[in-house]
Amino acid sequence: MKDILTKYIPERAVDATFELIRSNQVHLKIVNQRVTRHGDYRRMPDGRHIITVNAGDNKYRFFVTLIHEIAHLVAFEKFGREIKPHGIEWKRTFQRLMLPFINPQIFPTRLLPIVANHFKNPKASSDTDAKFALALKHYDPENDKHYVFEIPLGSTFRLHNGKIFKRGNKRVKRFECVEAATGRIYLFNPNAEVELLRS
């Protein structure tokens, strides 16, 4: 298991992360990229804890996602199944589990202060913290994806499912975008990853 973790998370985090996996009896599954989520946690009817995380070349994203999911397991075991999935019990658990890792041996100097700030009040998804998501993106392999907030007003873009939209104005937190085929307006999270179409 440690050999596998070394491929996916920062090297200095491997031993402590392995201990978290072992002590919480986690069955870790690493799967191909899913568009809708970075990871998930499930408790099976037989009591097994299964955590699934998307494989990827960004060790920092994988690591934060893995600890995020372990925090779900630990919070549910400690506080019961009735708590909100991303409520205060989960946030405090996530902060406590991450705290030993928020140091320059694990995260690069330019990423470390952004990680520390994110964990003052962690979000349900790292993608909803625009500054954190953008900082993590710097460690992704080169690709042709852009965030919706980076796309110029009036430009068109394509989603992973092939649908094409035109970017409109920003509402309070999200962007109005018009689907080309239907004219319907959809609200997009600023950090939705899309392919900018050149006109």
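Within the span defined as region 126-133, one or more residues are surrounded by fewer than 16 Cβ atoms within 10 Å (Cβ to Cβ), modelled with pLDDT under 95 and of a type outside the set (Ser, Thr, Tyr).
Could you check, for region 145-157, whether at least one of its residues is within 22 Å of Pro122 (Cα to Cα), among the acidic types (Asp, Glu) and not in a strand (DSSP E or B)? So far as region 145-157 goes, no, none of its residues is within 22 Å of Pro122 (Cα to Cα), among the acidic types (Asp, Glu) and not in a strand (DSSP E or B).
Cβ-Cβ contacts under 6 Å between residues 6 or more apart (or on different chains), taken from a first residue in region 1-13 that is in the same structural domain as Arg61 (by TED's automatic domain parsing) to a second residue that is assigned to a loop (DSSP other than H, G, I, E, B), are listed as Pro10/Ile106; Arg12/Gln105; Arg12/Ile106; Ala13/Ile106. Taken together, the residues in region 14-55 that are touching a strand residue (DSSP E or B) at 6+ places or on another chain (Cβ under 7 Å) and in contact (Cβ under 8 Å) with a residue 60 or more places away in the chain amount to 1.
Looking across region 140-199, just one residue is touching a residue at least 60 places away in the same chain (Cβ under 8 Å), loosely packed, with under 14 Cβ neighbours inside 10 Å and within 30 Å of Pro108 (Cα to Cα), and that is Pro141. Count, please, the residues in region 170-196 that happen to be part of a loop (DSSP other than H, G, I, E, B) and either within 26 Å of the chain's Cα centre (by Cα) or among the basic types (Lys, Arg) (or both). Residues flagged as part of a loop (DSSP other than H, G, I, E, B) and either within 26 Å of the chain's Cα centre (by Cα) or among the basic types (Lys, Arg) (or both) within region 170-196 amount to 9.
Looking only at region 110-136, residues that are charged (D, E, K, R), assigned to a helix (DSSP H, G or I) and free of Cβ contacts under 8 Å to residues at least 40 places away in the same chain come to 1 in all. Any idea how many residues of region 100-122 are farther than 16 Å from Lys59 by Cβ and not aliphatic (A, V, I, L, M)? Result for region 100-122: 8.
The values are calculated or read from the model by the stated rules, or taken from the named source; none is laboratory data. Given the structure is predicted, the values throughout are model-derived calculations rather than measurements. With ideal geometry, Cβ positions are generated from the backbone for all residues, glycine too; neighbour counts draw on all protein chains shown.
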